[in-house]
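What follows is a short report on a single structure.
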Amino acid sequence: MDQEINKWLLLEQERQNNGIELIASENFVSKEIRKLTGSILTNKYAEGYPGKRYYGGCECVDAIEQIAIDRACKLFSCNFANVQPHSGSQANAAAYRALLPRGGKILSLVLNDGGHLTHGSPVSFSSHLYKFAFYPLKDGHLDYDEVERIALEYKPDLILCGYSSYPYVIDFKRFKEIADKVEACLMVDMAHIAGLVATNEHPSPFPYADIVTSTTHKTLRGPRGGLILCNDSEIIKKVNSAIFPYYQGGPLEHVIAAKAVCFKEAMSDDFKRYIQQVKINTKACSNRLKQLGVKVSGTDNHLFLINVLDSYSLTGKEAQLALEEIGITTNKNMIPNDTLTPSKTSGLRIGFAAVTTRGCTKEQAESVADIIHGFLSKAIDKDKALKMVKEVIKSWKLVQEIGE
């Protein structure tokens, strides 16, 4: 054992066990997924796809990858899947490449209102390879009439929906109607809501989307990685070529095996109950903060936003660092019409996927709201807040400690 690395591994294990994880894009995977992610499959090079590899000795990984593909298609009720993307960003890059091989015009959400870096940020590859225009939120919600107006004016080749910090239900059918009016493709990035879509706790992007991208490590509660889905046989050929050989080399077959298990777990009744509890907990925390006079968004899914600048005269960065002192992990986040920079922000993004995995209930979610408000408003000192955090964690019905 490398003691230098093991020291930090054990400290991270302690942090995860003894903290309240409220980052909306994080979760805790099952022991089986952890085992597969660190399995001997990491030894195998397998450039290409099942039955069409550039290396020998791929019969076992071929079978595993095909199981992952079949389960992804079954889980999301679609015809085709590529399970090789190393990340959501690479999944998005391949999707753009498949639909707009020579560049093109993309219409996406204003980034400060909840879009991802790969949705047109100037620091991302996306804005260097494609031309972006943006539609805003109105009072924190999608304004489909405004999306249509901008689409008719801009005439995009692709309309993008699906977001990193949008707390409400997305009307994919309405987006498809807008896309059809301007003869554009429709792409959905469901990275954050994939677990909700899998359990019918959020409407599915199918049959409306031409391509759906996702990660597998957020609400889907799988290993870190990406996913691309579609229903068109010609589009999947372009997707496959865009992933390999255009953007990636050998696939991570150990992660793909873990993805296969993730998809199976997401088909279970236990997982559906889990996602339902995530929504209950998220709404309970948001409602409790609102009762306490905090400026928060509503929520229909696994996350919501707090305007900490108006509520506590703190930047998102300051609030994030303050909560970290008492073992509550969040992330600073831009909010609609934010006046601050992405390095500071006016808001925090709060998500309940991870703590619900650990056993958090509605009542405990309300207690988390009380701790956050009490500490940020300075009504509770650090020692009392730390004690309250420990009491909440102790009350969770953990099956095992993280990393056991």
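Can you tell me which residue within region 250-279, out of those that are among the basic types (Lys, Arg) and more than 16 Å from Ala353 (Cα to Cα), is surrounded by the most Cβ atoms within 10 Å (Cβ to Cβ)? Give the derivation first.
Going through region 250-279, the residues among the basic types (Lys, Arg) turn out to be 259, 264, 272-273, 279.
Pick out the ones that are also more than 16 Å from Ala353 (Cα to Cα) and you get 259, 264.
Working: Lys259: 33, Lys264: 16.
Only one residue tops the list, namely Lys259.
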_Meets criteria (touching a residue at least 60 places away in the same chain (Cβ under 8 Å) and either in the same structural domain as Ala94 (by TED's automatic domain parsing) or on the phi < 0 side of the Ramachandran plot (or both)) for Leu142_ = no
*asked:* Going by what's in this entry, would Phe263 be described as within 25 Å of Glu32 (Cβ to Cβ) and touching an Asp or Glu at 6+ places or on another chain (Cβ under 6 Å)?
replied: no
*asked:* Of everything in region 335-356, what is at pLDDT 95 or above, over 18 Å from Leu289 (Cα atoms) and charged (D, E, K, R)? Give them in sequence order.
replied: Lys344
_Among (1) over 20 Å from Ser89 (Cα atoms); (2) surrounded by fewer than 16 Cβ atoms within 10 Å (Cβ to Cβ); (3) in contact (Cβ under 8 Å) with a residue 60 or more places away in the chain, there is one condition Pro245 misses while meeting the rest; what is its number?_
(1)
_Hits in region 1-58 - residues which are touching a residue at least 40 places away in the same chain (Cβ under 8 Å) and touching an Asp or Glu at 6+ places or on another chain (Cβ under 6 Å)_ = Asn17, Leu41, Lys44, Ala46
*Select from region 97-121 the residues that are touching a Leu at 6+ places or on another chain (Cβ under 8 Å) and among the aliphatic types (A, V, I, L, M) and write down the one among them that is farthest from Ala133 (Cα to Cα).*
Leu99
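Find the strands (runs of 3 or more DSSP E) located wholly in region 184-258 whose residues include 2 or more that are farther than 21 Å from Leu107 by Cβ, and list them.
Numbers: elements: 185-189, 211-215, 226-230.
Output list reads 226-230.
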*Before we move on, is Glu153 more than 21 Å from Thr213 (Cβ to Cβ), in the same structural domain as Glu234 (by TED's automatic domain parsing), part of a loop (DSSP other than H, G, I, E, B) and of a type in the set (Asp, Glu)?*
no
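Thr199: without any contact (Cβ under 8 Å) to a residue 60 or more places away in the chain and hydroxyl-bearing (Ser, Thr, Tyr), yes or no? Give the derivation first.
Details: without any contact (Cβ under 8 Å) to a residue 60 or more places away in the chain: no; hydroxyl-bearing (Ser, Thr, Tyr): yes.
No.
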*Which one of these does Phe134 not meet: (1) free of Cβ contacts under 8 Å to residues at least 40 places away in the same chain; (2) surrounded by 20 or more Cβ atoms within 10 Å (Cβ to Cβ); (3) closer than 21 Å to Ala93 by Cβ?*
(2)
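The values are calculated or read from the model by the stated rules, or taken from the named source; none is laboratory data. This one's a predicted model, so the numbers in the text were calculated from it and none came from an experiment. Positions of Cβ are backbone-derived with ideal geometry, glycine not excepted, and every protein chain shown enters the neighbour counts.
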